[in-house]
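Structure first, then comments.
The values are calculated or read from the model by the stated rules, or taken from the named source; none is laboratory data. Everything numeric in this text was worked out from a predicted model, so none of it was measured. Note that each Cβ is placed from the backbone with ideal geometry, even for glycine, and that neighbours are counted across all protein chains shown. Remember, those area values only see protein heavy atoms, side chains included, never the ligands or the DNA or RNA. Shrake-Rupley method; radii C 1.70, N 1.55, O 1.52, S 1.80 Å.
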Amino acid sequence: MRAGGGEPRNAPRTPHKDSGVLVIGLGRFGSAIAATLDRLGQDVLAVERSPELVAQWSGRIPLVEADAVNPEALEQLGARDFPVAVVGVGSYLEASVLITGNLVDIGVPQIWAKAISSEHARILQRIGAHHVVLPEADAGARVAHLVSGKMLDYIEVEDGFTVVKMRPPKETQGFTLAQSKVRERYGVTIIGVKSPGIDFQYATDGTRISANDLIIVGGHADLLERFAARP
């Protein structure tokens, strides 16, 4: 029986209170998170109100058919026992806000919520979501950085600090980090180096960069753009 009027369908396994993750909504965003966490061996429970999506994911990840807009449904499936909850419902703003508010009310320590616009994100933050993710905007910004230069991967961590994987500029090739003085000249730090056929190595002053290497560089996004623009 579906939650919202009775017991949730598919009784969840009991989560470990220190590690369980509750994922609400099995669209592309939520299902990717739930499936990845499950594959990594994390305790995860997915919640979905659509019978079609429940049938699609049944037997693949731990899940329950329930409507998380209903506070009683969250109580029945033990949502307050999870230290982390992810609200993957983004397209339906009202449902997203109500579910996030329900999780705030029962005191879930860490709430991650998907937003589809900056206005949506502000609402989620105001009602108590600890982390708000704008997948399409984040992906668009990331792809823009990748197609604009030598960057092969781009991850913005927080407050502008970013980590990138890129090809080394010519002025660093054949020199050690101490010799090229990248940090002094550009304000970014080469964290590590991946040479062909050799395992990743953390960088030191004595690390020598070659033309075929990949380098992992950290720093403010603007400074990394300047460094990556070097020939």
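Observations on the model:
- In region 117-155, the qualifying residues are those that are of a type in the set (D, E, K, R) and out of contact with any Phe, Trp or Tyr (no Cβ under 7 Å at 6 or more places or on another chain), and the one that is surrounded by the most Cβ atoms within 10 Å (Cβ to Cβ) is Lys150.
- Residue ID - surrounded by the fewest Cβ atoms within 10 Å (Cβ to Cβ), chosen from residues in region 182-203 that are among the aliphatic types (A, V, I, L, M) and not in a loop (DSSP other than H, G, I, E, B): Ile191
- Scanning region 154-179 for residues that are touching a helix residue (DSSP H, G or I) at 6+ places or on another chain (Cβ under 6 Å) and at pLDDT below 95 yields Tyr154, Gly160, Thr162, Val164, Met166.
- Some residue of region 156-172 being within 26 Å of Glu225 (Cβ to Cβ), touching a strand residue (DSSP E or B) at 6+ places or on another chain (Cβ under 7 Å) and loosely packed, with under 13 Cβ neighbours inside 10 Å: yes
- Among (1) open to solvent by less than 60 Å² (accessible area, probe 1.4 Å); (2) out of contact with any Asp or Glu (no Cβ under 9 Å at 6 or more places or on another chain) - the single one Asn212 does not satisfy: (1)
- Among the residues of region 102-120, not one is without any contact (Cβ under 8 Å) to a residue 24 or more places away in the chain and in contact with an Asp or Glu (Cβ under 9 Å, 6 or more places away or on another chain).
- Pairing residues of region 38-53 that are over 17 Å from Pro71 (Cα atoms) with residues that are part of a loop (DSSP other than H, G, I, E, B) and hydrophobic (A, V, I, L, M, F, W, C), at Cβ distances under 7 Å and at least 6 apart in sequence or on separate chains, gives Asp38/Ile61; Val44/Ile61; Leu53/Leu26.
- Only residues that are aromatic (Phe, Trp, Tyr) and either in a loop (DSSP other than H, G, I, E, B) or within 14 Å of the chain's Cα centre (by Cα) (or both) were counted across region 108-164, and they come to 2.
- Some residue of region 56-63 being more than 18 Å from Ser31 (Cα to Cα), open to solvent by 20 Å² or more (accessible area, probe 1.4 Å) and more than 22 Å from the chain's Cα centre (by Cα): no
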